[in-house]
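Derivation of every value follows stated rules applied to the coordinates shown; laboratory data play no part. Quantities reported herein were computed from a predicted structural model and do not represent experimental measurements. As a convention, Cβ positions derive from the backbone with ideal geometry for all residues, glycine included, and neighbour counts pool all protein chains shown.
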Ligand SMILES: Nc1nc2c(c(=O)[nH]1)N[C@H]1C(S)=C(S)[C@@H](COP(=O)(O)O)O[C@H]1N2
Ligand SMILES: [Mo]
């Protein structure tokens, strides 16, 4: 009796272990795999996938927006979108001219919801307001319903472009 119980427990442990190894090895980043926790950043030249810990390690800013639906102020902390794009060599600042003005960012949530911001809108040296990839609200990491990442566009009067469960940001050109 004792031996059977022990071996069952061992088997359960092995199943758990195997499952956690599978989870750890699951490919991450495509919009299809929801809640993989990874953010794919794609430009015409490069692509990179950031895990929550990597984004958390980058310099953050904090913004407060009013959510008219919740009728509440919400304080988000995150990394400016343009800081993430600049890592991939996307033009900004002095270079926000010419072809750069034809470029735009498609932000996609794990449910397939999409919103577009122009590259110029995402550049704080060009356009007022902040566009950030937030990973915390009111001092806490975003919950599963919203995170781990959410786009925040402070100049918008409604949070409709605030893509929840953000899984991908892709830079494209209209030219
Ligand atoms: N992934 C995803 N993000 C989304 C949406 C959605 O359907 N899917 N709806 C948007 C709309 S229209 C609004 S008004 C806000 C609502 O955000 P809230 O639930 O935090 O108020 O989320 C935005 N982000
Ligand atoms: Mo909305």
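Taking label positions 7 Å along the Cα-Cβ direction at both residue 114 and residue 145, the computed distance is 2.7 nm, reported to one decimal.
State whether region 28-173 is rounded, prolate or oblate according to the following rule on the C-alpha gyration tensor (a ≥ b ≥ c being the square roots of its eigenvalues): a/c under 1.5 gives rounded; otherwise a/b larger than b/c gives prolate, and the remaining case gives oblate. Judged from the Cα gyration tensor, region 28-173 comes out oblate (a/c at least 1.5, b/c at or above a/b).
Working from label points 7 Å from Cα in the Cα-to-Cβ sense, the residue 97 to residue 157 distance is 3.4 nm.
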